[in-house]
1. Mind giving me the FRET efficiency for A:HIS410 and A:SER669? R0 is 30 Å, r the Cβ-Cβ distance, nearest 0.05 is fine.
2. Let me have the 222 nm mean residue ellipticity of chain B computed from DSSP H runs of 4+ only, each contributing -39500 (n - 2.57), with the sum over all residues rounded to the nearest 500.
3. Just the C-alpha atoms of the range A:130-202: what Rg/Rh do they give, with Rh taken as the Kirkwood radius?
4. Report which residues of the range A:520-563 become buried by 20 Å² or more of accessible surface when going from the isolated chain to the complete set of protein chains (1.4 Å probe; DNA, RNA and ligands ignored).
5. Residues with amide H under 5 Å of A:THR26's amide H, sequence separation 5 or more or different chain, H placed in the peptide plane at 1.01 Å from N; which?
6. Does the range B:85-190 come out rounded, prolate or oblate by the C-alpha gyration tensor, with a ≥ b ≥ c the root eigenvalues, rounded set by a/c under 1.5 and, if not, prolate when a/b is larger than b/c and oblate if not?
7. What FRET efficiency comes out for B:THR153 versus A:ASN218 if R0 is 35 angstrom and r is the Cβ-Cβ distance? Round to the nearest 0.05.
8. Going by Cα centres, the range A:107-184 and the range A:667-725 are how many Å apart?
Amino acid sequence: MSPRGRTTLLLWLVLLLLVIWQAARTPIRTDLSVFLPRSPALDQQILIEQLRVGALARLVLVGIDGGTAEARAQASRDLAATLRADTQFTQVANGDGQSLQADRAFVFRQRYLLSPTVDAARFSVDGLRTAIGETIEAVAAPAGMLAASLLPRDPTGETLQLIDTLSGPVTPRRVAGVWATRDGERALLMVGLRAPLIDSDAQQRALATLDSRFDALNQPELRLLKTGPAVFAAVSRERLITEAAVLSALSALLVISLLWLAYRSVRTLALGLVPVGCGVLAGIAAVGAGFGYVHGVTLAFGVTMMGEAVDYAVYLFVQADGGRDPGRSAHWRQHLWPALRLGTATSIAGFAVLLLSGFPGLAQLGLFAIAGLVAAALATRYGLPLLVPRDFRMRDVSALGARLDACQQHLVRWRHWIWLPCLTAAAVIGWNGNQIWQRELTALSPLPIETRQLDAALRSDVGAPDVRYVVAVPARDRESALRGAEASVARLTPLVQQGALSHVDAPTRWLPSEATQRQRQAALPSADELRSRLQRALRDLPLSPEKLQGFVDDVERARQAPLLTPESFAGTSLALALQSLLVEREATVAGEPSWLALLPLHGPPSGSVDVAVIRAALAGAEVGGVAPLLLDMKAATDTMYVDYLREAAWLSGGAAIAIVLLLAVNLRSLPRLVRVVLPLAAAVLCVVGGQLLAGVRLTLLHLVGLLLVVAVGSNYSLLLDQRSRADPGSTAADATRMLVSVALAATTTVMAFGVLAFSSVPVLSMIGSTVAPGVVLAFLFSAALAQPVHRDNERR
Amino acid sequence: MTRLARALSGTLLVLASWCAATQWSVNDLMAALAARGSADATFTERRYVPVLDAPVQSSGTLRFVAPDRIEKHTLQPRSESLLLAGDQITLRQGQRTRSLTLTDLPDNGLAISSLRGTMAGDLAALRRGWAVALHGDRRLWTLSLTPASQAVTQYIEAVLIEGREDQIDRIEIRQADGVRSVMQIMPAPQNDKPR
């Protein structure tokens, strides 16, 4: 090995070690948040925060199936007890007597601060007479025994009406003392995780703890079901990783078998994978250095994009015989490497546009691909020839080459028919018009349909429906948020009475603003005053004031009690509700509202929420200059995705222009430019047409797949174009080898991506079903449009 | 339970019922009540609350639909109703309807289900929540129910049901906090069934 070669090798090794070091310290994240925009509008920001750290994103719904109702209830109680003792969980509610009693006791204790009916009028002589009279009447009602029990200490009946609203519009039914589904066949628990959704590892640990605690109950006839964002993240990650692993292994096996047929050498095979390995490591390292972490989806796509690097080694081995023979090696460097270099540059131009994306996920993908391709190309050009053994001999491929040559002749003869599939595809695209794009994010969800159905079922059973509309009240501090929420509730309550809404959740139901609490305290008379008012109020009622000493004491205590704060709710299941409805935002920019009160709106039982009516009701309900926002969670999510799609479409257009410009500058010949670009454009057109014909609507992933088709296909068209140019020193054998190498490269790519097309994970199958046919078409069109090699001309 | 113990207890049960056959037993009472099936009645109820100088009165109709449905329609002083089917309770007061389950009630719904268990003659159901004792004879009997579980004792002291033959006349519920409900029951005239 020459000294220069040794230096190159040493440099390579050092770079590789650096890259490995950087890649090894780059964490992999799998949450959705990197696929959310970086600087969205306030309502999208709120939505994203809810997705990232919100209490709803930390809620896990747990079901217990099988066995008898008693066994399920016992398991629910045991599981709740062990989880309550674990700091990984903030809240465990299963409707058992313990939490129910704690809630009731809390409501009873705090009734005079919580009850919306407490005001000066209610504690006047007339108000007391009416309220106490009504409570006595309530004793006669069928369910009056409870009112009777409460009468001595709560004669105005505050507790009963609070208990009425305690559970919200829907309460899970209770079977054998714990929450159950409507059919009673499944026990239900609500579990709050301490870790936010972005800390997916901690969430996964908590879920694993949940599983192991359930297993420790040792109830083999019972089955645990879980749902919620944390579970979705786990399922998606697992499915993506296992499917990606299995399918990659399968496609690797296919590719390796094919390469084995071509090389018949383990060492050559191993060497052929060196550029891919370098590319993947460099991609991870670059993204890690640029973003601080790499997203699991970036990694999965990035690795598939490195499929292009497998081709690099194929070109080197087949075209230059491994680059060992000095003469042939020099020829490869002079005539073929420039074509390959241009192909790589074309790919990079395509992916570079992704760097401009406002979505970290796309930007990561762009950076990954660029760094990976540069590393792989450099490794192929400078490193790999040094590693090829001295006795490297490529198999004789002339027989195969001759057959491929003949095939190409046929293709060339049919080249004028290329407009037929293109026009058909264009017609299909035109016919579909606006229906080309899939605009709903769920299309990308890797979750199996059963998982989503289970979620919907459990949610409706616990009365936590997937709320679509939420009024968000941003404010600079907690008190303002609560006052704002009270103002909004006051505006929305008439809508509930009119039936336009069935229910409005609000944090102020449990935690009124300090102002409201003080107001209620001020409305309570002193003990002496209350006693004298009772004297007059009870004159015509069968109740003597002396017997209400407990009431007088409780009112006096409430007058002086410390005001309620979020901490007051410890140990009750109300804490979970409060946590999800009153949010302190993390790390906000100075001047931005740092607190948020959320008011989920429950639509009327029949029909949907009329947004205009709600906006009208909320108009002007400002506190401290911040107006409440009506968020449409579904629309916000979908809009975000459509923005994403639109941006990606613009970027793809930009990439196409960049690629054409790059090629035009380098080729400096219109006919050559047409021969290189036309096959790619035709392939993209036909793939899109084919997808639409198959009833598929295009998503972001199809777009990324098309970018990949152009990146990989440009190598084929450039190399086949280069092949057809009569350059001195190029022999017929070289031309044959060139064709064989491109055919081999195309076959490996098709195999790798064809396997992905059969994945049940939409993300993977979309990429596979786009890239595999795209690559076949790009190769066929390139071959058909390439200028036939000179000796073929003579034959014609 | 070992097989021997089970065999023994089975034998005991047979012996006990053979002895009981000679007099008015809980089983006889339950069989008689069960044989009646669905029934309609009117009721007047007085609720004694320690802090109130006078009992609170109400009246209305009571209907039992075998096997597990109870409808209590209070007509005076206010029209309100309570429906119990399975473990679901529906409360109606004017336009307002509230649904809850037995276990939502502080006493786990034991008081209301004791009424149903008795009207249905379902001894097994009664024994799930109560210690059951029968006094008196066929002509005038008192069934006294005391809560089987400690947790319920803090709410309910006892339920006393009096009757003649297969007829229930009076139900008294005594709560631990001194609140007491006494319900007088009269069979509804056959031709005047409330619908």
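The values are calculated or read from the model by the stated rules, or taken from the named source; none is laboratory data. Because the structure is predicted, anything quoted here is derived from the model rather than measured. Every residue, glycine as well, gets a Cβ built from its backbone with ideal geometry; the counts of neighbours run over all protein chains shown. Side chains are part of the model used for accessible areas, which takes the heavy atoms of the whole protein and leaves out ligands, DNA and RNA. Shrake-Rupley method; radii C 1.70, N 1.55, O 1.52, S 1.80 Å.
1. The calculated FRET efficiency here is 0.70.
2. -7500 deg cm²/dmol
3. Radius of gyration relative to Kirkwood radius: 1.21.
4. A:PRO542, A:LEU543, A:LYS547
5. Sorted by chain and number, the residues that satisfy this come to none at all.
6. oblate
7. Step by step, r from the Cβ atoms, then E = 0.60.
8. Measuring centre to centre over Cα atoms gives 71 Å.
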